[in-house]
There are 2 protein chains.
Amino acid sequence: MVQAPLEASKIQISKTSTPKEKLPNDKLVFGQTFTDHMLEIEWTKEAGWGTPKISPYHNLSLDPSTIVFHYAFELFEGMKAYRDSNDKIRTFRPTKNMIRMNQSAERIALPTFDNEELLKLIDQFLLIDESFVPKGNGYSLYLRPTLIGTTPSLGVGSPDRALLYVIASPVGPYYSSGFKPVALEATDYAVRAWPGGVGNRKLGANYAPCVLPQQKAASKGYAQNLWLFGEEGYITEVGTMNVFFVFKDESGKKELVTAPLDGTILEGVTRDSVLTLAKEKLPSDEWTISERKFTIHEVFDKAAKGQLVEAFGSGTAAVVSPINRIGWNGKDIDVPVADGASGELTKDVAEWIRRIQYGEEEFKDWSRVAQ
Amino acid sequence: MVQAPLEASKIQISKTSTPKEKLPNDKLVFGQTFTDHMLEIEWTKEAGWGTPKISPYHNLSLDPSTIVFHYAFELFEGMKAYRDSNDKIRTFRPTKNMIRMNQSAERIALPTFDNEELLKLIDQFLLIDESFVPKGNGYSLYLRPTLIGTTPSLGVGSPDRALLYVIASPVGPYYSSGFKPVALEATDYAVRAWPGGVGNRKLGANYAPCVLPQQKAASKGYAQNLWLFGEEGYITEVGTMNVFFVFKDESGKKELVTAPLDGTILEGVTRDSVLTLAKEKLPSDEWTISERKFTIHEVFDKAAKGQLVEAFGSGTAAVVSPINRIGWNGKDIDVPVADGASGELTKDVAEWIRRIQYGEEEFKDWSRVAQ
């Protein structure tokens, strides 16, 4: 039998008869409340992708032997939908998420699918739960496409059943009143990713192991880990985000730098957006934009020389997250935050991206209107 | 509020009214059919461990945002129960599994528990489903203690809800008619574990990423991966098992060697049993028992000199799994299998362990009778 491809046109919709009450914007907490519906598509090795279904939000009922509970056959994406000034619902570079989701699926032997078909389904889902997309700057509907292996068997092997589902949570700005810069512990005793590993894929497997180091950092007064790699102390990521530093040289020329995609770095959509927009908007005689290896030693050296300008994490949840302090080997350095909240570029980047997300500025095909 | 500890005496039992039909021994497939009941204990951060429950085997019903589906908050154990000649049900070194399960839990911020309390509950579960423990050499009831994070929220943080459950699957001998030796591909492009990672813990996160490399090896005619680490080509594990090699020197003295517990190796119960029994049973003037680093180069050199005696994987499912060929860098070496099925020590080790598992020989406190 031929495996059926994912086909958006086969959609079956059954709407809720008990709509949820909507929370006011100031009560929204990331990932804690969800919309009225969810999107689901089952896959089997024999038949391929089944009928896509949008139905009332409901629990998943799974045999306790299901491989997602035992061997971490699971991956996800994080993306957001925004309400523009014409009340159209927009997603931000969603094709990038689809490409990455397929790469994640391939890496752990889960089924792949056509990017555009899933985006059409997500658009339909968004239009059905449209009223849950909050109004206002910084407010959005967080989308969580998820793919899990559902074979009910304890054998370790490639899944012959899977479930792709999408749920959505209305969220507020990551920082409710302006930026709140965070302190980081540079962490070398625990290692997030390794060459030949899966740190460049958005797999569940990359997340649980990072929580204990985060708790240890928190107990010392640091909000997140700055993940180092190797004896050289290469800087890779921060918490669950990519990380950017701004240095300046003696002549005052600035460099925006982030770690290269060497297989240990998550290929962040926000990371790529920051790089692309920085190349587009920053004058090249004043700025160098670099994807290169750099170390905690370099950061501490630059800080000592007054050449560390600013630093920030980048990711879908916070867009950018300013950094004001880094602890390493018992020593702390301050990272400048121009107005006490963030560096200048951090603020600019946030605004560049926000304008595209909310449809205030068209840039390439980065904003997709659900229709 | 104080977190309640896990207490076996609080057990609540509700038996099935629709007992399953039992399969004949020759129809048993690993991890595909399960007994009539399951054991469950819920945990919350506020109240600690709840009432242990043995109830009819049933699906788990979980919110689609539950952290086990997104961030791999999951770990498990593998252990077996055996029916002895007096129809008593015995488990093999189960305290080792409990210790390891707690170490796994600690590593990903899931709750820990008292080893003996969970063992008492497992004993009760075994006595209730006693009729599912098959009779006969090589037959057993595979037990799968599992611990998952059940917080229904997309925030990445330490779980405030969890579920510990145990399911059981009647299984036959891994090789239905004697040993069947396997060919391995020595794999360096994919890396199972690394220093500062979680390869020494029995987390779901360690499993899904290994399936694609296994498929690639299989497409080239190798059953499993021999996992290498680093530029040196250190031998670490095979498939989902620990691995042992036997070398001999010019004088004919033999060495049994396995990788040391350096943080990248799963601390296998069977591994420890092999080492302990080898030290106990093999004459020390003829044998050296080594936990040391060794490389694929050493194995190939020894093979070329006729000093490679035998090799086997060790784990709960197969106990020992003989190896007859290793491919690396486009070259294959044969690993001797004395009678075409396994090396001599491989056979002896299997029998040493089998006798203790089935209560034919008492050795230390390794065999626990459920009562």
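Details
- Just checking the listed ones, A:ASP26, A:ASP84, A:ASP334: in the Gaussian network model of chain A with Cα springs under 10 Å, the one fluctuating most is A:ASP26.
- Close lysine pairs were tallied over region B:222-315: pairs 8 or more places apart or on different chains with Cα atoms under 22 Å apart number 18.
- Of the GluC sites (Glu not before Pro) found in region A:180-259, the ones in coil according to DSSP and having at most 10 other Cβ atoms within 10 Å of their Cβ are A:GLU231, A:GLU250.
- For B:THR16, the distances from its label point to the matching points in the remaining copies are 3.6 nm, ordered from shortest, with each point set 7 Å beyond Cα toward Cβ.
- Relative contact order for region A:8-173: 34 percent, from Cα pairs under 8 Å spaced at least 6 residues apart, divided by residue count.
- Percentage relative contact order, region A:216-371, counting C-alpha pairs under 8 Å, at least six apart: 20 percent
- In range of the label at B:LYS253: residues from region B:274-317 whose backbone nitrogen is under 12 Å from the point 7 Å along Cα→Cβ: B:284-289
- Label geometry 7 Å along the beta-carbon vector: A:GLU250 inter-copy distances in nm: 6.3
- Using the Cβ of A:GLY138 as centre and a radius below 12 Å, the other residues enclosed give a net charge of +2, where K and R count +1 and D and E count -1.
- Label-to-label distances for B:LYS293 across copies, nearest first, come out at 1.9 nm, using points 7 Å from Cα in the beta-carbon direction.
- Here the sum of -39500 (n - 2.57) over DSSP H runs of 4 or more residues, divided by the residues of chain B, equals -6500 deg cm²/dmol at 222 nm, to the nearest 500.
- Rounded if a/c under 1.5, otherwise prolate or oblate - region B:245-319, Cα gyration tensor axes: oblate
- Most simply put, region A:182-357 has about 65% antiparallel DSSP beta bridges, counting only bridges with both residues inside it.
- For chain A, the relative contact order comes to 18 percent (Cα pairs under 8 Å, sequence separation of at least 6).
- Fraction of antiparallel bridges per DSSP, the protein assembly as shown only, in percent to nearest 5: 80 percent
- Cα centroid separation, region A:231-246 to region A:19-40 (Å): 33 Å
- Nitroxide proxy distance, nm - points 7 Å out along Cα→Cβ at B:ALA338 and A:ALA4: 5.7 nm
- Net +/- balance of residues flanking A:ASP84 in space, Cβ distance below 14 Å, scoring K and R +1, D and E -1: +3
- Since only A:GLY315, A:VAL299, A:LEU228 are under comparison, the one whose Cα sits farthest along the positive direction of the charge dipole of region A:227-371, derived from C-beta charges on Lys, Arg, Asp and Glu, is A:GLY315.
- Sequence-distant residues sharing a close amide H with B:GLU361 (under 5 Å, placed H): B:ILE356
- Those aspartates and glutamates that a straight Cα-Cα span of less than 12 Å connects to A:LYS180, excepting residues fewer than 8 apart in one chain: A:ASP339
- Whether chain B is rounded, prolate or oblate, judged on the alpha carbon gyration tensor where a/c under 1.5 counts as rounded: prolate
- Choice from A:PRO52, A:PRO94, A:PRO209 with maximal GNM fluctuation in chain A (Cα, 10 Å cutoff): A:PRO209
- DSSP finds beta bridges in region A:85-233, and of those with both partners inside it, around 70 percent are antiparallel.
- A cut-off of 5 Å between modelled amide H atoms, ignoring neighbours fewer than 5 places along the same chain, links B:ALA338 with B:GLY343, B:GLU344.
- Here the extension length gained between B:ASP348 and B:LEU212 equals 45.6 nm, from 0.36 nm per residue of separation less the Cα-Cα distance.
- The residue list A:ASN329, B:VAL243, B:SER140 was ranked by how far each Cα lies along the charge dipole of the protein assembly as shown toward its positive end, using unit charges on Cβ atoms, and B:SER140 comes out on top.
- Pairs of lysines in region A:8-173 (C-alpha under 22 Å apart; 8 or more residues apart or interchain): 26
- Sparse-neighbour loop sites [GluC sites (Glu not before Pro); region B:273-355; at most 12 other C-beta within 10 Å; DSSP]: B:GLU286
- C-alpha center-to-center spacing [region A:77-125, region B:300-371] in angstrom: 48 Å
- Sparse packing (at most 14 other Cβ atoms within 10 Å of the Cβ) combined with a DSSP loop state is found for none of the chymotrypsin sites (Phe, Trp or Tyr not before Pro) in region A:3-75.
- Prolate/oblate/rounded label for region A:77-229 (Cα gyration tensor, a/c 1.5): oblate
Here, each number is a calculation from the coordinates, and none is a lab measurement. What you see is a predicted model; the values in this text were computed from it and never measured. FYI the Cβ positions are ideal-geometry reconstructions off the backbone, even for glycines, and counts take in every protein chain you see.
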